[in-house]
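Read the structure below first, then the notes.
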Amino acid sequence: MSHEIEMKLALGETGPERLLAHPLLRNGVDAAQRLANTYYDTPRGELEAARVALRLRRRNDSWVQTLKTSGEGSGGFSRRREWEWPVAGDALDVVGLAGLPPFAELGGDILERLEPRFTTDFERRLWRLELAEATIEVALDQGEIRAAGRRVPIRELELELKDGDPQALWGLAQALAESVPLRPADASKAVRGSALLSGRWTLPAGTQPGERLHRALLALDAYDDTGEDEWKQRAREAFQALADAGESEAGQLATLLERPAWLERDFGRVALRLAHRLAA
């Protein structure tokens, strides 16, 4: 088991192009991979309900199985438990799963009822940045999620801490936001895939500042995948509730959301400042 510490950022339409031109990354990609992933759950969605994601990934001719918990954090920042190991082919290693804590807690015959639920297919470009305070892997993912005959695009950036101070993730995100249209994103590919499969997004309740920010960001994730203005309005309402509680930057975000082209650099910079302060 390891603990994954990362920041997830959703990119605007011009985000990938502008990211590749950023001074920190423009010396060239360190590696590129094509990743095909199948996510598993029971027909009743018991892993999703337990906030656990199980994935089988093909990379070239090799296969890797990964189990992740949802962990803790918001504002794009997360810390979660992860188990990952190679497997022989395109079938789950059920024996290996049986001894892991999440399945011990779920109990019953859940392993016998696991089945493929949705897939993701994307290209990943990687950079390894050796910064003064940390080593960070930067991953640009572009592709799509497919479920139940529907599909949504993947256009996201993941910053994963490999060594050093977790605060360096925030500093790097802010540096990228100076020229790249991006925002913190709280929905993982697994969450997005489950929503695509069911045709249903749900938002958490809560009145604490961090809970309201989480609600706003998930609403924006839902808006990106559905195109339904209802979700954009719910994000605006959550930001406005934060503003009414004294978070002035949330008020700026609510105002910026009224623009047709809202995901620009101003939105990303303000959203990251707000998320970093609330995380602290």
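The values are calculated or read from the model by the stated rules, or taken from the named source; none is laboratory data. Note that the coordinates shown come from a computational prediction; the quantities given were computed from them, not determined experimentally. For neighbour counting, all protein chains shown are included, and Cβ atoms are generated from backbone atoms with ideal geometry for every residue, glycine included. Ligands, DNA and RNA are excluded from the accessible area calculation, which covers all protein heavy atoms including side chains. Shrake-Rupley method; radii C 1.70, N 1.55, O 1.52, S 1.80 Å.
Let's see how each residue does on (1) charged (D, E, K, R); (2) over 21 Å from Leu161 (Cβ atoms):
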| site | (1), (2) |
| --- | --- |
| Leu25 | no, no |
| Asp30 | yes, no |
| Pro43 | no, yes |
| Val52 | no, yes |
| Arg57 | yes, no |
| Leu67 | no, no |
| Arg124 | yes, no |
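Kindly indicate which of Val270, Val180 is under 21 Å from Arg155 (Cα atoms), touching a helix residue (DSSP H, G or I) at 6+ places or on another chain (Cβ under 6 Å), β-branched (Val, Ile, Thr) and in contact (Cβ under 8 Å) with a residue 60 or more places away in the chain. I'd like the intermediate steps shown before the answer.
Numbers: Val270 fails: in contact (Cβ under 8 Å) with a residue 60 or more places away in the chain.
Just one listed residue meets the conditions, Val180.
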Query raised in the report: Has region 245-266 got any residue that is surrounded by fewer than 19 Cβ atoms within 10 Å (Cβ to Cβ), touching a Gly at 6+ places or on another chain (Cβ under 8 Å) and not basic (Lys, Arg)?
Result: yes
**Report entry** Residue match in region 83-91 (condition: closer than 29 Å to Leu172 by Cβ, at pLDDT below 90 and not charged (D, E, K, R))
**Finding:** no
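Going by the conditions given, is Leu157 out of contact with any Ser or Thr (no Cβ under 7 Å at 6 or more places or on another chain) and either closer than 24 Å to Ser62 by Cβ or assigned to a helix (DSSP H, G or I) (or both)?
Working: out of contact with any Ser or Thr (no Cβ under 7 Å at 6 or more places or on another chain): yes; either closer than 24 Å to Ser62 by Cβ or assigned to a helix (DSSP H, G or I) (or both): no.
So Leu157 fails the test.
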Report summary line: Checked Ala148, Ala185 against criteria (at positive phi and either of a type in the set (Gly, Ala, Ser) or modelled with pLDDT under 95 (or both)); the one match is Ala148
Query raised in the report: Of the residues that make up region 160-176, is at least one within 13 Å of the chain's Cα centre (by Cα) and farther than 25 Å from Asp90 by Cα?
Result: yes
Query raised in the report: In region 19-135, which strands (runs of 3 or more DSSP E) lie fully inside it and hold 3 or more residues that are open to solvent by 40 Å² or more (accessible area, probe 1.4 Å)?
Result: 31-41, 77-87, 115-130
Report task. Check region 164-173 and report whether any residue there is part of a strand (DSSP E or B) and surrounded by 13 or more Cβ atoms within 10 Å (Cβ to Cβ). Result -> yes
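Would you confirm, using the coordinates I've provided, whether Ala241 is assigned to a helix (DSSP H, G or I), in contact with a Lys or Arg (Cβ under 7 Å, 6 or more places away or on another chain) and without any contact (Cβ under 8 Å) to a residue 60 or more places away in the chain?
Details: assigned to a helix (DSSP H, G or I): yes; in contact with a Lys or Arg (Cβ under 7 Å, 6 or more places away or on another chain): yes; without any contact (Cβ under 8 Å) to a residue 60 or more places away in the chain: yes.
The answer is yes for Ala241.
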